[in-house]
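The values are calculated or read from the model by the stated rules, or taken from the named source; none is laboratory data. Model, not experiment: these values are computed from the prediction. Every residue, glycine among them, receives a Cβ derived from its backbone with ideal geometry; neighbour counts consider all protein chains shown.
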Amino acid sequence: MPIVQRRFRSRVLSLVALIAPLAMAQTTVRIDLAKPGLPVSPTLYGLMTEEINFSYDGGLYAELVRNRAFKNHGYTPEHWSLVQDAGGSAAMALDERYPVAGTALTTSLRIDAENASPGHRVGIANAGYWGIPVTPNTSYRASFYAKTSGASGVPLTISIEGVDGKTVYAQAEGGRIDGQWKRYSVTLATGANVKPTADARLVLATESPGKVWFNLVSLFPPTHKDRPNGHRPDLMQKMIDMKPGFLRFPGGNYVEGGSVTNRFKWKETLGPIDQRPGNPGTWGYRSTDGMGLLEFLLWCEDMKAEPVLAVFAGYALNGESVPVGKELQPFVQDALDEIEYVTGDVSTKWGAKRAKDGHPAPFKLRYVEIGNEDGFEKNKTYDGRYTQFHDAIRKKYPKIKLIATVNGKDWLGQQQKLSSRVPDLVDEHYYYNPMEMMNDAARYDSYARSGPKVFIGEWAGQEGSPTTNLHAALADAAFMAGMERNADIVEMSCYAPLFVNVNPGGMQWQYNLIGYNAQSSFGSPSYYAQKMFSNYLGNVSLPVHAEKVSMQTWQQEAKKETPQDVPPAKQVPTMFFSATKSDQRGEIYLKVVNAIGNAQTVQVDLAGAVKVAAEGEAIVLSSTHKEDTNTIAEPTKVVPVTSKASGLGKQFSYSFAPYSVTVLVLSTK
Ligand code: AHR
């Protein structure tokens, strides 16, 4: 998609770092406990999500069948194949003549079992999203719509088996299919001796001749909290471990859509999955919308995180924008309806719909974001569009904080001023290479305090793919230290993208936080850096003053278009600091990044402290090489290690490991 590619390119800057640390006298850090400090927003660290890199389908959304409703197709359905065993013969074809009445299921898959008899089965097979994960002692829920042409019926067998058909891991009778569309469900249970594999497929087969039509063929493994239509447990646990304050959804570009017609239509994501038509997506593949608005909200609830609801604001990725005024009004109403679905009690139209969908209790909603990256819009209509949404939402929901996507700041390199209304927060996005990010880590130290608060709604240090490496994590930690020091202006932040399916073809964005395939998942070093910052957040940001920090020289590469203009080298700090305290726990968290390959000793002075215990804890993320990273094969190569720290006190000296992020936990009890 051209627009998407343009945006992608704009983030991937061709920069090169030549690092030569300059020797300096010993670094000192003074943390001023006599000053009151800044309250830290409990929503400082959250998560951002959208359907990219197979984040939901083929990712968090636990459905294992790919193209379950046959919406991805040319002449043949993608990801489906014909099974014809031992001389059995059949044909398969897509068929639009028999939609399943009362559903969004329009295209079915027909199999003509011409030659089928005991020992000569025929059927259809689906190998999932790069495989179907099989584990021992596991129950899978399979379901499907089916019908036949004849009255006599066709018996079906459902199995999870090896892709070569030789090993059957689990099998069940699917019932005798008759002439009416019906939904069938079976449980497929694996035995204790099954060896874990993803080299498997789901097969629906018969040993009787006849015609059978299928639709919405689904297979779910156990899900988080065993919820039907639920989420993958390992990925849920990774996010819960981060203790996110909020979840920003559903985008990103995904909320905008490729065109106004193909925007994220939340009303089409509600109710039973057979009611959801799905959408073309913005990242080159269709979405089933199995992950609908209610599933996003349940996801928040499961993480104890607040929703940050992004609403479509009349601007799509192909550049279309809906004119302000009458034409925009239905979209404003759609956003009001959406907020009502989230927050309304059961006496409201959309609150009642939510109750019908299974969640009578309203969700708490404090933040609504109007659009996404509207600074890219050529026609520059955001001021008017924002105003129309702002006024309508503010009138009906005066307590909700409104987030604008631009406010005349130059983070996009493009100006779109909001002159008519003042949002509560502005969403800024930063995708940097690590040196660029470290160079900009102090950006909020000198940021104007007069405007709205900042929501860093997308950010990442970008190095290492498909998930980022330790160098990127060091830069991320440097940037987060800057957020914490400036807790008075930075209210929220969330890294992007969150997820990537690491299989070939699974990735659309090069640098991501958490990677997975069908069987397992891993966090990048950046994931662990965020987990450390979020788990040791505290409620007050303390003033930190560092001196004699050694610098490294960073030489940017010239841009390809202007190779003659080599930008001047920059001096970038090698260490970064922030300090917060938790009044509740009586602890101080000193966060220190050492971005170079030598240990660095720092003299720490906790000025004004009454008591600091000599013993504390050090949580350290480091590795030998800054390029080190985690992968499916080595998921824990770079992870934080917790150990006792001694020799601490009101003043102490501490040696920070090469290429490290450290949280020193100091007890004031
Ligand atoms: O995070 C990937 C994309 O980057 C988001 O969808 C978009 O908002 C930004 O351009």
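Based on what the data block shows, is TYR382 in contact with a strand residue (DSSP E or B) (Cβ under 8 Å, 6 or more places away or on another chain), within 16 Å of the ligand (Cβ to nearest atom) and not basic (Lys, Arg)? It is true that TYR382 is in contact with a strand residue (DSSP E or B) (Cβ under 8 Å, 6 or more places away or on another chain), within 16 Å of the ligand (Cβ to nearest atom) and not basic (Lys, Arg). Of everything in the range 343-370, what is hydrophobic (A, V, I, L, M, F, W, C), part of a loop (DSSP other than H, G, I, E, B) and closer than 23 Å to TYR386 by Cβ? Give them in sequence order. Scanning the range 343-370 gives a single hit, LEU365.
For the range 567-606, the candidate set comprises residues that are over 22 Å from THR624 (Cβ atoms) and aliphatic (A, V, I, L, M); within that set, the residue that is surrounded by the most Cβ atoms within 10 Å (Cβ to Cβ) is ALA579. Please find, within the range 429-449, the residue that is farthest from GLY46 (Cα to Cα) out of those that are within 16 Å of the ligand (Cβ to nearest atom) and surrounded by 24 or more Cβ atoms within 10 Å (Cβ to Cβ). Only one residue fits best here, namely ASN433. Condition first: more than 12 Å from LEU202 (Cα to Cα) and surrounded by 15 or more Cβ atoms within 10 Å (Cβ to Cβ). Now tell me which residues in the range 154-166 satisfy that. Hits for the range 154-166 are VAL154, LEU156. Look at (1) assigned to a loop (DSSP other than H, G, I, E, B); (2) assigned by TED's automatic domain parsing to the domain that holds GLU50; (3) in contact (Cβ under 8 Å) with a residue 12 or more places away in the chain and you find that PRO398 fails only one, number (3). For the range 352-367, a residue qualifies if it is under 17 Å from ARG248 (Cβ atoms) and either within 16 Å of the ligand (Cβ to nearest atom) or touching a helix residue (DSSP H, G or I) at 6+ places or on another chain (Cβ under 6 Å) (or both), and the qualifying residues are PHE363, LEU365.
The number of residues in the range 149-173 that are under 27 Å from PRO272 (Cα atoms), modelled with pLDDT of 95 or more and either among the hydroxyl-bearing types (Ser, Thr, Tyr) or not in a strand (DSSP E or B) (or both) comes to 2. Selection within the range 82-92: residues that are surrounded by 16 or more Cβ atoms within 10 Å (Cβ to Cβ) and of a type in the set (Gly, Ala, Ser). The member of this set that is farthest from the ligand (Cβ to nearest atom) is GLY88. State yes or no: is PRO452 more than 18 Å from ALA487 (Cβ to Cβ), more than 16 Å from the ligand (Cβ to nearest atom) and crowded, with 17+ Cβ neighbours inside 10 Å? So PRO452 fails the test.
Pairs linking a residue in the range 371-388 that is under 15 Å from VAL426 (Cβ atoms) to a residue that is among the polar types (S, T, N, Q) and part of a helix (DSSP H, G or I), with Cβ atoms under 7 Å and 6 or more positions apart or on different chains, are ASN372/ASN253. Filtering the range 49-84 to residues that are part of a loop (DSSP other than H, G, I, E, B) and modelled with pLDDT under 95 leaves LYS71, ASN72, GLY74, TYR75, THR76, GLU78. Looking across the range 540-559 at every residue that is touching a Ser or Thr at 6+ places or on another chain (Cβ under 6 Å) and farther than 19 Å from ALA607 by Cβ, the one that is surrounded by the fewest Cβ atoms within 10 Å (Cβ to Cβ) is identified as GLU557. All conditions but one from (1) over 21 Å from ASN594 (Cβ atoms); (2) within 16 Å of the ligand (Cβ to nearest atom) apply to ALA472; the one that does not is (1).
Being away from the ligand (no atom under 16 Å from the Cβ) and at pLDDT 95 or above is a property that does not hold for MET492. Evaluation of VAL422 against the conditions (1) modelled with pLDDT of 95 or more; (2) over 30 Å from HIS471 (Cα atoms); (3) among the β-branched types (Val, Ile, Thr) shows that the sole unmet condition is (1). A single member of ALA91, ALA113, ALA125, ALA104 is outside any loop (DSSP other than H, G, I, E, B) and closer than 17 Å to ARG68 by Cα, and it is ALA125. Only strands (runs of 3 or more DSSP E) whose full extent lies in the range 174-290 are considered here, and the ones with at least 1 residues that are assigned by TED's automatic domain parsing to the domain that holds ALA310 and within 16 Å of the ligand (Cβ to nearest atom) are 246-249.
Looking at GLY358, GLY281, GLY325, can you tell me which residue is buried (at least 20 other Cβ atoms within 10 Å of the Cβ) and among the small types (Gly, Ala, Ser)? Result: GLY281 is the single residue among GLY358, GLY281, GLY325 that is buried (at least 20 other Cβ atoms within 10 Å of the Cβ) and among the small types (Gly, Ala, Ser). Taking the numbered list (1) buried (at least 23 other Cβ atoms within 10 Å of the Cβ); (2) in contact (Cβ under 8 Å) with a residue 60 or more places away in the chain in turn, ASP488 passes all entries but (1).
Exactly one residue out of THR348, THR343 is over 20 Å from PHE264 (Cα atoms) and surrounded by 14 or more Cβ atoms within 10 Å (Cβ to Cβ): that is THR348. Count of the range 37-70 residues, restricted to those that are away from the ligand (no atom under 15 Å from the Cβ) and touching a strand residue (DSSP E or B) at 6+ places or on another chain (Cβ under 8 Å), is 21. The requirement of being within 16 Å of the ligand (Cβ to nearest atom) and either under 15 Å from VAL311 (Cβ atoms) or not assigned by TED's automatic domain parsing to the domain that holds PHE264 (or both) is not satisfied by GLU377.
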